[in-house]
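Quick notes on the structure that follows.
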Amino acid sequence: MDVSLNSDMNKNLAGNIIIPEDWTEIPKKCFAGNENITSVTIPKTVKKISFEAFAQCYSIKKVIIQNGLEIIGQDAFSACRSLQHIDLPEGLRIKNFILWESRF
C-alpha cells in the first residue's frame, strides 16, 4: 500500500514507511494513531513535519530524517512509546513537546 497525504488511507500501513520524495510537508495528523508503523524514513525534500503527524504511533522504534527538514511541529511524535532512535538534522526548528509522552 502506498503512503498517502490522506490520513484515512494511512491507517493500514505497516512496517517501515518511506515518505515519497515528492512530498515537501507531512500534513497534520497524517499518520496519527497508526499502531503498525515500526520505522519512518523522511527524505531531504520534506521541509516540515506538521502538528501530531505521527502522534500515538505506538510501534515506531526508529525515525531517520535526512538533512533538509526545517521544522517539526508540536506533538509531531507525541506518545510514540516505542521510539528508541531519532536522527535530527542540524539547524532544525522544533516546536514544543515533539516527543510528549514518548519514552525517548
- Message: Return the pair list, or none, for Cβ contacts closer than 8 Å from residues in the stretch 45-63 that are without any contact (Cβ under 8 Å) to a residue 12 or more places away in the chain and at negative phi to residues that are part of a loop (DSSP other than H, G, I, E, B) and of a type in the set (A, V, I, L, M), at least 6 apart or on different chains.
- Response: none
- Message: Can you tell me which residue is nearest to the chain's Cα centre (by Cα) among those in the stretch 12-67 that are surrounded by fewer than 20 Cβ atoms within 10 Å (Cβ to Cβ) and of a type in the set (Phe, Trp, Tyr)?
- Response: 51
- What pairs come up if the first residue lies in the stretch 68-81 and is assigned to a strand (DSSP E or B), the second is of a type outside the set (D, E, K, R) and at pLDDT 90 or above, and their beta carbons are under 6 Å apart, counting only those six or more places apart or on different chains? 69/46; 72/49
- Task: Could you list, in sequence order, all residues of the stretch 14-64 that are farther than 18 Å from residue 85 by Cβ, part of a loop (DSSP other than H, G, I, E, B) and among the basic types (Lys, Arg)?
- Result: 28, 29, 44, 47
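The values are calculated or read from the model by the stated rules, or taken from the named source; none is laboratory data. This is a predicted model, so every value here is computed, not measured. All Cβ positions, even for glycine, are placed from backbone atoms using ideal geometry, and neighbour counts span all protein chains on display.
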